1. Would you mind stating whether Arg137 is in the same structural domain as Lys169 (by TED's automatic domain parsing), in contact with a helix residue (DSSP H, G or I) (Cβ under 6 Å, 6 or more places away or on another chain) and modelled with pLDDT of 85 or more?
2. So, Ile52, is that one at pLDDT 85 or above and among the hydrophobic types (A, V, I, L, M, F, W, C) or not?
3. Within the range 103-153, take every residue that is small (Gly, Ala, Ser) and crowded, with 18+ Cβ neighbours inside 10 Å and give me the one that is nearest to Phe164 (Cα to Cα).
4. Specify the residue that is farthest from the chain's Cα centre (by Cα); the eligible residues are those in the range 93-116 that are basic (Lys, Arg) and under 19 Å from Gly144 (Cα atoms).
Amino acid sequence: MIRHIIAAIATLLALWAAYFLYTIDATSQKMKQIEGVIAKSRVKVHLNNNSITPIKKKSETNLQEERKKADEEVQKKLKALRERAGSAMAFKVSPLYKQKCSSCHGVNGKGIVGPKLIGKSEEYVYRALTDFKSGKRKNYVMYGLLTKMSDEDLKALSKEISTFEAKMKEAAAQ
């Protein structure tokens, strides 16, 4: 008998919860409709002379001007990228450098997301790499890239990176 009463109460509660969620959903839909109506009827109120003027949609010429400005901005950014990419392959790098370093530090160490590596000494780079690998310097990306690399690989990368400045000058001279 008590089981039946508890089951009936649970059923009634479940039905009430379903009805409650339905009413909340209906109210939400009404609020969205109201937001739409408000958005359509927005007006500017000038307090100095108490006049009300509707907000006007942008004219076609304004839209064209905005598009032109946006296109010019995109063109500037593309030009900067092209100039940067022009020297991107100034010299060859090892597959290890390409795989582990180039996505952040650039194909030739000029820096993209990560800092510039050109001009760094072999000792500096090796110390930085070992510090990242050991966790002494905190950078989770570097730590993740270096944890499985051998000491020989770190030394090879350090040596290669230390030659970037000379290679860049040599490539520029040609």
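1. When the stated conditions are applied, Arg137 passes them.
2. Considered against the rule, which asks whether it is at pLDDT 85 or above and among the hydrophobic types (A, V, I, L, M, F, W, C), Ile52 comes out as no.
3. Filtering the range 103-153 for residues small (Gly, Ala, Ser) gives 103, 106, 109, 111, 114, 119, 121, 128, 134-135, 144, 150.
Narrowing further to those that are crowded, with 18+ Cβ neighbours inside 10 Å: 106, 109, 128.
Working: Gly106: 11, Gly109: 7, Ala128: 17 Å.
Filtering first and then ranking leaves Gly109.
4. Pass one, the range 93-116, residues basic (Lys, Arg): 98, 100, 110, 116.
Then drop every residue that is not under 19 Å from Gly144 (Cα atoms), which leaves 98, 100.
On the way: Lys98: 22, Lys100: 20 Å.
Going through the qualifying residues, I end up with Lys98.
The values are calculated or read from the model by the stated rules, or taken from the named source; none is laboratory data. Source: prediction; values computed, not measured. Quick reminder, even Gly has a Cβ in these numbers, built from the backbone with ideal geometry, and neighbours come from all protein chains shown.
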